[in-house]
Amino acid sequence: MPKKTGNTERKEQIRSDALRKVRGRALFIEDIPHDRLLHGATARSPVPHGLIRGFLNIDEVRAMEGVRAVLTAADIPGENTVPFVKDDYPCLAGSEVKFRGQPLALVAAETRDQARAAAEALKADIEEYPAVFEAVDAMRPDTVRVGGDDNIHSSYRIRKGDIDEGFRAADIIVERIYRNSHQVHCYLENMGMTAVPSPSGGVVVSGSMQCPFYVHNALVRVTGLQYSKIRVLQAETGGGFGGKEDMPSLQAAHTALLALKTGRPVRIIYDRREDFIAMSKRHPVRTRIKYGASADGKITACEAEYIVNGGAYCTLSPIVAWRGLIHITGPYEIPNIMADSYVMATNTVPCGAFRGFGQPQANFANESLIDELAEKLDMDPLELRRKNLLKTGSVTATGQRIGESCGMEEALERTVKRISFRRRKSGDPGVKKRGMGLSVTFYGVGLGAEGKYFAKSGAQVYVKEDGSVLVAVGNVEMGQGSETVFTRICADTLGCPYDMVDVLEPDTTRVPDSGPTVASRATMVGGRAVLDAALKVRDALTRSAADIIGVRPFDISVSGHKYVSSDGREAEYIEVVRAAYARREKMAAQGWYRVEGVSFDEKTGQGDAYPVYTFSANACEVEVDTETGQVKVLRLVAAHDIGKAIHTPSAEGQIQGGAVQAVGYALYENLVLEKGRILNPSLTGYTVPTSVDVCDVVPIIVESPYPEGPFGAKGLGEPPMVGPAAAVMNAIYDACGVRVRKTPCLPEDIMEELKKIT
Amino acid sequence: MNISLILNDNKVNIDFNPLRPLLEMLREGFALRSLKEGCGRGECGTCTVLLDGKPVTACMVASGQVEGRSVMTLEGLEGNESFRRIQRAFMETGAVQCGFCTPGFLIAAYALLRDNPSPGREDIRRAVSGNLCRCTGYTKIIDAVERAGEILR
């Protein structure tokens, strides 16, 4: 039920971007008109692996109606690479093609249909090579070589304590293998980009994206232009979830190449099918994991092997697997750990960033196994978790001591209380059986030690003559609410009303490289940059207020929309701004924040991996129809310790939306590949949850403040997606005694397992 | 082909290929940009408009089919006080995240509340089940429609 609140309070809760969106006036990339616009399209590889000998009909395609340019790898003026973690991903395939759907050539034409028809018509002469599709197959020494000498894109390890001693000390040992399939982002706005040549010989690129500075880097590499000739703007972005972290760089490069070649504005927008085929996915993972525990339920050791199918190129996979590995033993204090991750190269679509970034797979494995361990110990899984949970002062798998900001226990206890957690142990008579399940997670906020090069953010705050404020930031709004969060951090610091603040569209010419908008870092890192800039301007306002009131600046503080002296005299915000202008104070300032103090030893896997962690608990009740295998989630409660909610409705929205994506991951979303070909590239073939498939999600916000974060805030974007899949699977087991060790868990999986136990 | 229709309460004519989708005619022919293309196959609901008062996905209607009929988009509904209250409820409830699906949901919600002023949560879930949202998990959208219903009654 909506909360009963007064009009003022309700108005205060409205997001800064809500009005333009309910009026249909938000400008997504396809909504921005351009004169003389050309439409771009991409010719893609029909085979999963092969040698490109050339193109059979390129002159005919160039002569097709409306076609203005056809570009291949040979036409790239700069380097043929789009930089991610490694520089292995070609902008257009040069000699070797490594996955079905890989871009081979680009077309620009007068209409979208003409461009697509031309791209479709272009025929490449490709000598097909043998291909490998599964990560475990790519590990065989005699198999096809996709990347490097051994098909390993990357590997990481954690060694803590003495693993043999840990298992010797255990009374019970349980070991299982869990598997996850691909997951597709399915943001509602397909990927799109526009490039406009600029008079200086450069190019302005705008589009749907999470990381304008990644796009900027890629454009410099591919075009050979210097940074100052390229400007990147983020248009309104219709959902990202990580899917618009990596691949926008590739699409932007394609669009810019066509614009520079033709001298005209060019737009590339994928249709839904192409978006499914071209964009990166959540990685399929096979996890072997083993816990040892004493009879009283203390976990003594954990061993894990986390094998990731990275696809044909490495994109962000090493960091995905690193994050997965750091968290794979669960939010528990365990003295002895041996864990290894491998990202394998295969001839499938490259996987990349997706909300949770390796953790949903890892958490699915460890939180399923915890329940399996509890059963062997004959313990309540809730009790087993309570006994081992991380708390302030606990040491993580990487040897990091958990700081003061740790709401793990509170998150768990409030969750089980809210849902009245009670296990049924398959006790329901009849066909439809109900059960409850639980999971707990922790999430390292930000890029961590392996991404620290990008762990920085910039902002500019500019107070105008009438007290209105322009805020320039490098981190983007993509639906998650960062624009509102930045508005509030700035307004509350300056003492100005929220509706006087405008956050500008992210633009690489306005603020320094602020890293990506990923890893739940926008509030904690981008927000600190806004705070830093706002505090600098506030210093000037404070001096002016002191002048008006006739006290020292030291005696001034900000309260609501007023500057107040310690003896209780006041000056209104707007009055202070006018005084500051009269004094010729500098009313604009740049802010900067960089994350310090993270470390990671690649030999031992020990170090302070992340600056701080978000702690979460999920519980749900499901109903399993034992005649059809259908599972319905009836109730879902999710609690997250995020330090501080800067804007509560947005925080709740993140929790609810992430949980529903995770229910889709657990039960519905099934991408089917056959020899690297995606067989169901549509929203009918690949089913994301609709409003009738899911229940209301009850969000609980726990606030254990993090002193380094703005107003105590940590990060929230990703944690909601991490835990619910295991909670659902544990609930299914509780309902009907069936343990499915894969995602998605489809009705046929339930039926097959049910047959085994009856 | 010349197509004449009542678009957002105004009689209009346009020379447009009758086989092309209504979505394209509205966006490109009339510059009505509130409706979006999310799939082009009637799967996602981001191009929902009212055709003779009923919600349809404009990507699945051929332009020629609207000859002589009434088409209403978000732009045309903005003068309607009930519709504005629904917009307001979406804003106040936090039902808007990325905003790409929002116009479609608003139109589906408007059609529901026009026909059923007191829908239950399950009625609301069914009424918007043709509209996908990947951001909110639907809870706050259902809250918003429920709240709009309370205000409009």
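The values are calculated or read from the model by the stated rules, or taken from the named source; none is laboratory data. Predicted model, so just to flag it, every value in this text is computed and none were measured. Neighbour counts are summed over all protein chains in view; Cβ atoms, including those assigned to glycine, are modelled from backbone coordinates with ideal geometry.
So in region A:546-575, with the set limited to residues that are in contact (Cβ under 8 Å) with a residue 60 or more places away in the chain and of a type in the set (A, V, I, L, M), which one is farthest from A:D492 (Cα to Cα)? Among them, the one singled out is A:I574.
So that you can scan it fast, the table gives a plain yes or no per residue for (1) buried (at least 18 other Cβ atoms within 10 Å of the Cβ); (2) of a type in the set (F, W, Y); (3) under 15 Å from the mean Cα position of the chain (by Cα):
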residue: B:M60; (1), (2), (3): no, no, yes
residue: B:G64; (1), (2), (3): no, no, no
residue: B:G68; (1), (2), (3): no, no, no
residue: B:G79; (1), (2), (3): no, no, yes
residue: B:A89; (1), (2), (3): yes, no, no
residue: B:Y110; (1), (2), (3): yes, yes, yes
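Residue-wise test of (1) out of contact with any Ser or Thr (no Cβ under 7 Å at 6 or more places or on another chain); (2) under 18 Å from A:F84 (Cα atoms).
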residue	(1), (2)
A:P350	no, yes
A:G358	yes, yes
A:N363	no, no
A:N366	no, no
A:A374	yes, no
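Remark: pairs (first residue in region A:315-335, free of Cβ contacts under 8 Å to residues at least 40 places away in the same chain; second residue part of a loop (DSSP other than H, G, I, E, B); Cβ separation under 8 Å; 6+ apart in sequence or on different chains) = A:V320/A:H283; A:V320/A:C351; A:V320/A:G352; A:V320/A:A353; A:V320/A:F357; A:V320/A:G358; A:G324/A:F357; A:G324/A:G358. Can you say whether B:E67 is within 30 Å of A:S16 (Cβ to Cβ), more than 14 Å from every other protein chain (Cβ to nearest Cβ) and either at pLDDT 95 or above or in contact with a helix residue (DSSP H, G or I) (Cβ under 7 Å, 6 or more places away or on another chain) (or both), as far as the supplied structure shows? In short, no.
The set of residues in region B:1-24 that are free of Cβ contacts under 8 Å to residues at least 40 places away in the same chain and buried (at least 20 other Cβ atoms within 10 Å of the Cβ) contains only B:L23.
All conditions in (1) within 31 Å of the chain's Cα centre (by Cα); (2) buried (at least 17 other Cβ atoms within 10 Å of the Cβ) hold for A:G597, with the sole exception of (2). Within region A:615-632, being surrounded by fewer than 24 Cβ atoms within 10 Å (Cβ to Cβ) and either in contact with a Ser or Thr (Cβ under 9 Å, 6 or more places away or on another chain) or on the phi < 0 side of the Ramachandran plot (or both) holds for A:E623, A:D625, A:T626, A:E627, A:T628, A:Q630, A:K632. Consider A:T487 carefully, then state whether it is surrounded by 24 or more Cβ atoms within 10 Å (Cβ to Cβ), of a type in the set (S, T, N, Q) and outside any loop (DSSP other than H, G, I, E, B). Yes, satisfied.
Are any residues in region A:1-56 assigned to a helix (DSSP H, G or I), modelled with pLDDT under 95 and more than 8 Å from chain B (Cβ to nearest Cβ), and if so, which ones? Correct list: A:N7, A:T8, A:E9, A:E12. Any idea which residue in region A:672-704 is nearest to the other protein chains (Cβ to nearest Cβ), counting only those that are among the hydrophobic types (A, V, I, L, M, F, W, C) and free of Cβ contacts under 8 Å to residues at least 40 places away in the same chain? Among residues in region A:672-704 that are among the hydrophobic types (A, V, I, L, M, F, W, C) and free of Cβ contacts under 8 Å to residues at least 40 places away in the same chain, the one nearest to the other protein chains (Cβ to nearest Cβ) is A:V692. Applying the condition of being part of a helix (DSSP H, G or I) and under 24 Å from A:H185 (Cβ atoms) to region B:108-143 and asking which residue is farthest from the other protein chains (Cβ to nearest Cβ) yields B:A108.
If you go through region A:146-165, how many residues are of a type in the set (D, E) and assigned to a loop (DSSP other than H, G, I, E, B)? Within region A:146-165, residues that are of a type in the set (D, E) and assigned to a loop (DSSP other than H, G, I, E, B) number 3. Condition test on A:D125, is it more than 27 Å from the chain's Cα centre (by Cα), assigned to a helix (DSSP H, G or I) and at pLDDT 95 or above? Against the criterion (more than 27 Å from the chain's Cα centre (by Cα), assigned to a helix (DSSP H, G or I) and at pLDDT 95 or above), A:D125 does not qualify. Selection of region A:685-735 for residues being among the β-branched types (V, I, T) and within 17 Å of A:Q359 (Cβ to Cβ) yields A:V722, A:V728.
Identify all residues within region A:165-201 that are away from every other protein chain (no Cβ under 14 Å), in contact with a Gly (Cβ under 9 Å, 6 or more places away or on another chain) and hydrophobic (A, V, I, L, M, F, W, C); write none if there are none. Result: A:F167, A:A169, A:A170, A:I172, A:I173, A:V174, A:M193, A:A195. Of all residues being within 14 Å of chain B (Cβ to nearest Cβ) and in contact with a strand residue (DSSP E or B) (Cβ under 8 Å, 6 or more places away or on another chain) in region A:215-241, which is farthest from A:V503 (Cα to Cα)? Just the residue, please. Out of the qualifying residues, it is A:G238. Selection over region A:243-274 of residues that are within 14 Å of chain B (Cβ to nearest Cβ) and surrounded by fewer than 24 Cβ atoms within 10 Å (Cβ to Cβ) gives a count of 5. Restricting attention to region A:167-226, the residues that are at pLDDT 95 or above, assigned to a loop (DSSP other than H, G, I, E, B) and either of a type in the set (V, I, T) or closer than 18 Å to A:L257 by Cβ (or both) total 9.
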